[in-house]
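The values are calculated or read from the model by the stated rules, or taken from the named source; none is laboratory data. These numbers come from a predicted model, not from an experiment. Cβ coordinates were reconstructed from backbone atoms using ideal geometry, including for glycine residues, and neighbour counts include every protein chain displayed.
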Amino acid sequence: MHIERPTSNIEWEKMKRQSYDLEERLLEYSVHIIKIVEQLPKTRVGNHVAGQLLKSGTSPYPNHGEAQAAESPKDFIHKLRISLKELRETQRWLKLIQRVPLINKPKLLDDILQETEELIKIFVTSIKTAEKKKK
């Protein structure tokens, strides 16, 4: 089984550097998650993990959109926290896939795990900033 990466290493690195465009970065992240899910085995375990990963790994993108349309600073922070929670869950599922392994080349998940870590840091910082501004 092979995980197809939608972009080259150069494009992947470029995308990571463009963290100022978080919406695009989260969209691309969701695309990567979907491609990983499609590569998981069609077994009882593979289907379970696929469903969980699909839900948590694609959730930060629409939740970020919800945060942009927040009705209050409190609502904004709440939506950011949901995205953060989903990213942390996704990180755990990816680590599990890599550890079992549920794919033939688990090292291919290193890039998406790194991106997950970077997105977590972005959301943690954004939440802290928003909380300071709210006070």
Checklist entry - In the range 1-58, which helices (runs of 4 or more DSSP H) lie fully inside it and hold 1 or more residues that are basic (Lys, Arg) and modelled with pLDDT of 95 or more? => result 22-39, 44-58
Item to check | Residues satisfying the stated conditions in the range 58-87, i.e. out of contact with any Pro (no Cβ under 9 Å at 6 or more places or on another chain) and either closer than 23 Å to Pro41 by Cα or hydrophobic (A, V, I, L, M, F, W, C) (or both) | outcome: Thr58, Ser59, Ala67, Ala69, Ala70, Phe76, Ile77, Leu80
Next on the checklist: For the range 59-77, which positions are small (Gly, Ala, Ser), over 15 Å from the mean Cα position of the chain (by Cα) and either surrounded by 13 or more Cβ atoms within 10 Å (Cβ to Cβ) or assigned to a helix (DSSP H, G or I) (or both)?
Outcome noted: Ala67, Ala70
Checklist entry - If you check Leu94, Leu87, Leu119, Leu102, which single one turns out to be crowded, with 16+ Cβ neighbours inside 10 Å, touching a Leu at 6+ places or on another chain (Cβ under 6 Å) and assigned to a loop (DSSP other than H, G, I, E, B)? => result Leu102
Next on the checklist: Cβ-Cβ under 8 Å, sequence separation 6+ or interchain: first residue in the range 104-125 and of a type in the set (Ser, Thr, Tyr), partner part of a helix (DSSP H, G or I). Which pairs?
Outcome noted: Thr116/Tyr29; Thr116/Leu87; Thr116/Thr90; Thr116/Gln91; Thr116/Leu94
Checklist entry - Going through the range 29-51 one residue at a time, which ones are out of contact with any Lys or Arg (no Cβ under 9 Å at 6 or more places or on another chain) and free of Cβ contacts under 8 Å to residues at least 40 places away in the same chain? => result Ser30, Val31, Ile34, Val37, Glu38, Lys42, Thr43, Arg44, Asn47, His48, Gly51
